[in-house]
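The values are calculated or read from the model by the stated rules, or taken from the named source; none is laboratory data. Fair warning: this is a prediction, and the values are worked out from it, not measured in the lab. Cβ coordinates were reconstructed from backbone atoms using ideal geometry, including for glycine residues, and neighbour counts include every protein chain displayed. For accessibility, only protein heavy atoms count, side chains too; no ligands or nucleic acids. Shrake-Rupley method; radii C 1.70, N 1.55, O 1.52, S 1.80 Å.
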Amino acid sequence: MPADWFGMRKHAVVLGMAFLGLAAFALFAGWAFYEGAQVGGGWASLGPIWPYVVGGVIVVGGLAGFLMWLAFYSANNGYDERIDRSDGYY
C-alpha cells in the first residue's frame, strides 16, 4: 500500500508542476499581449506584416503536408520495408 501512495504522490507533483508551468506561461502571454498593445502604434501598426505572416503559414503548411504525403507514400509502396541478406539483395 505505501508503494502506491508514493507513486500517486509523484504523479501529483508532476501534474502540479505542469499546471504551474502552464499558469506561468498564461500570465506571461497575457502580459505580452497587453504590453504589445501599448508599444508604438499598437496592434494597428501590424497591418503591413499580415501578408508575410499568412504567406509563411501557407508555405510551412504546404511543406508539412508534402512531407507527410511523402512519408505515407513511401510506407504504402513498400519503400520502408527491411531488406535482409537472406533475400538475396545486398
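Is at least one residue of the range 49-68 among the aromatic types (Phe, Trp, Tyr), within 30 Å of TYR79 (Cα to Cα), free of Cβ contacts under 8 Å to residues at least 12 places away in the same chain and part of a helix (DSSP H, G or I)? Before you say what the answer is, go through the steps one by one.
First, pick out the residues of the range 49-68 that are among the aromatic types (Phe, Trp, Tyr): 50, 52, 66.
From the residues that got through so far, the ones that are within 30 Å of TYR79 (Cα to Cα) too are 66.
Right, trim to free of Cβ contacts under 8 Å to residues at least 12 places away in the same chain and you get 66.
Still in the list and also part of a helix (DSSP H, G or I): 66.
Yes, the conditions are met somewhere in the range 49-68.
When you scan the range 76-87, do you find a residue that is of a type in the set (Ser, Thr, Tyr) and at pLDDT 90 or above, even just one?
Residues of the range 76-87 that are of a type in the set (Ser, Thr, Tyr), as a first pass: 79, 86.
From what's left, at pLDDT 90 or above: none.
No: the range 76-87 contains no residue that is of a type in the set (Ser, Thr, Tyr) and at pLDDT 90 or above.
Looking at the structure I just gave you, is GLY55 open to solvent by less than 100 Å² (accessible area, probe 1.4 Å) and modelled with pLDDT of 95 or more? Steps first, please.
Working: open to solvent by less than 100 Å² (accessible area, probe 1.4 Å): yes; modelled with pLDDT of 95 or more: yes.
Yes; evaluated as a whole, the condition is true for this residue.
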